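A short worksheet on the structure shown next.
Please treat every number below as a calculation from the coordinates, not as lab data. Just so you know, these numbers come straight off a predicted model, no measurement behind them. Backbone-built Cβ (ideal geometry, glycine too); neighbour counts: all protein chains shown.
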Amino acid sequence: MKNTLISLFACLVTLLPGPTRGQTAASLPGEAEILAAIDRSASSLRSLEGEFVQTKELSLLQEQLVSQGVIYYRQTGGQLRWEYRTPYRYTFVLNGERVMMRSGERTDVIDTSDNRVFREIARIMMNSLTGRCLTATSDFDVRIEAGAERWIAELTPRRREMAQFFTKVRLHFDPTRQLVIRVELIERNGDRTTIDLKNLKTNTAIDEAVFAID
């Protein structure tokens, strides 16, 4: 469950649209303005696809675990696919109220309406897909750092489901592209997961088969 939550939370926060377009240092917006801009622009993100590189730093070992994969999102129907391709294969698909997790030869399909934990995860996911995770004060305490080249939103989980795993989540925005380009997940045990996003395409057509659950 822990690895599933880490992978799921990583993918859901990458889908947040960025704040307003680039500003000079003299005209940087305040926190309230940034949050309002995110809320307004969320509805314009109809689809997203791209690649990611995930680096996990283990607090008890002097090593880094690096994995790579692809992400697909479509607003219609609340559809999401987060797929690891190297060095292992793991796929998470959310399609409406159904979730599929596939690892190797094993495939699990869950109806979120019958599972309290996954229902809560799906709720937080949908809030993130719409940008509401930055304004839903019941889920996170949010602090914004505005710079000329990068803006950072630091989220502190308030709900037990997330707080038992994460102490902080940091979202790095590219103000010009209006997309999250890096996600940092700081776990309660001291481990850190960093997700770097690249080759992102927005509002393009994505085949329905990408989100199929079987």
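Would you kindly state how much longer the chain becomes between THR167 and GLU33 on full extension, computed as 0.36 nm times their sequence separation minus their alpha carbon distance, in nm to one decimal? It would help to have the intermediate numbers written out before the result.
Numbers: separation 134, 0.36 × 134 = 48.24 nm, distance 2.56 nm.
Extra length available between THR167 and GLU33 comes to 45.7 nm.
Summing Lys, Arg as +1 and Asp, Glu as -1, what charge do residues with Cβ under 10 Å from the Cβ of SER47 carry, SER47 excluded?
On the way: positive: ARG46, ARG74, LYS201; negative: GLU49.
Net charge in that neighbourhood comes out at +2.
Modelling each spin label as a point 7 Å along the Cα-to-Cβ direction, I'd like the GLU145/LEU65 distance in nm, to one decimal.
2.7
Could you tally the net charge around SER103, taking each other residue with its Cβ under 12 Å from the Cβ of SER103, Lys/Arg +1 and Asp/Glu -1? Please report the intermediate quantities before stating the final value.
Numbers: positive: ARG89, ARG102, ARG106; negative: GLU83, GLU105, ASP108.
Once positives and negatives cancel, what remains is 0.
Given the peptides 199-205, 86-92, arrange them by the average over their residues of other C-beta atoms within 10 Å, most packed first.
Working: 199-205: 11.6, 86-92: 13.4.
Highest mean packing first, the order is 86-92, 199-205.
So which aspartates and glutamates pass the test for LYS56, namely a Cα distance under 20 Å, with those fewer than 8 places away in the same chain ruled out?
Straight-line reach from LYS56, under 20 Å: GLU83, GLU154, GLU184, GLU187, ASP191, ASP196.
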